[in-house]
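Visitor: My structure is below; once you've seen it, I'll send some questions.
Readers should treat all values here as calculations from the given coordinates under stated rules, not as data from a laboratory. If you're wondering where the values come from, they're calculated on a predicted model, not measured in any experiment. Positions of Cβ are generated from backbone atoms using ideal geometry, with glycine treated the same way; all protein chains shown enter the neighbour counts.
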Amino acid sequence: MKSIDTKKIRKAMEKVQDESRYEHTLGVTYTATALAMRYGCDLRSAEIAGLLHDCAKCMDNAKKIQICEKHNIPVNDVERKNPSLLHAKAGSFIAMDTYGITDTDIINAILNHTTGRPNMSLLEKIVYVADYIEPNRTKAPNLSEIRKIAFIDINEALLMILSDTLTYLTAGGGDIDPMTQKAYEYYKAKIEEQKEE
Ligand SMILES: [Fe+2]
Ligand SMILES: [Fe+2]
């Protein structure tokens, strides 16, 4: 992992992403790095995962499906209907294949940044939360509260984001990826357990 040149990755993202996606990428990168400082996570891993988390976002949908099918990455019904969701799976592959990332924690942080999952690693939580709270985000509800809590208790922030995401998807009649529901239930139970102790 020592040979990874983050400046090169940043320049590559500027090329493959549109302007607002690139600004979002930079926002996620420095927010993830700040969270890594707060929680004692590897700063470089947070930087690399932040830079690459949306590396497949601006690719067209057919290409995302093609990458997954070609490399035996399973595509579920929700993803087939909304191929944009596949940018996480396709992106984790591109991070390995094009950008030479071998660290499985970074790959998992890219892979799970849209849905979350039960029992996430610290880096996965950091990228998931940074993706939601980075300064260019303005539309989500409770943002100022979540931003504050993110630096106090990352599990609590994670649960708030999962909960708001499920509420948003349900209200909009959107499809819910079963993994988001599973992640929500896992962290809800975990936080309740902690409060009982
Ligand atoms: Fe994304
Ligand atoms: Fe993102």
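Visitor: Across the stretch 52-72, what is the total count of residues that are away from ligand 2 (no atom under 16 Å from the Cβ) and assigned to a loop (DSSP other than H, G, I, E, B)?
Guide: Of the residues in the stretch 52-72, the ones away from ligand 2 (no atom under 16 Å from the Cβ) are 60-63, 65-72.
This time we only want the ones that are assigned to a loop (DSSP other than H, G, I, E, B), so: 60, 71-72.
The qualifying residues number 3.
Visitor: If you go through the stretch 73-94 one residue at a time, do you hit one that is assigned to a helix (DSSP H, G or I), touching a Leu at 6+ places or on another chain (Cβ under 6 Å) and more than 16 Å from ligand 2 (Cβ to nearest atom)?
Guide: Within the stretch 73-94, one or more residues are assigned to a helix (DSSP H, G or I), touching a Leu at 6+ places or on another chain (Cβ under 6 Å) and more than 16 Å from ligand 2 (Cβ to nearest atom).
Visitor: Taking the stated definitions as given, is residue 134 within 16 Å of ligand 2 (Cβ to nearest atom), surrounded by fewer than 22 Cβ atoms within 10 Å (Cβ to Cβ) and under 17 Å from residue 41 (Cβ atoms)? Quick ask: steps written out before the conclusion?
Guide: Working: within 16 Å of ligand 2 (Cβ to nearest atom): yes; surrounded by fewer than 22 Cβ atoms within 10 Å (Cβ to Cβ): yes; under 17 Å from residue 41 (Cβ atoms): yes.
So residue 134 passes the test.
Visitor: If I filter the stretch 95-120 down to residues being part of a helix (DSSP H, G or I), touching a Leu at 6+ places or on another chain (Cβ under 7 Å) and closer than 17 Å to residue 180 by Cβ, which single residue comes out as nearest to ligand 2 (Cβ to nearest atom)?
Guide: Once the filter is applied, the top-ranked residue is 110.
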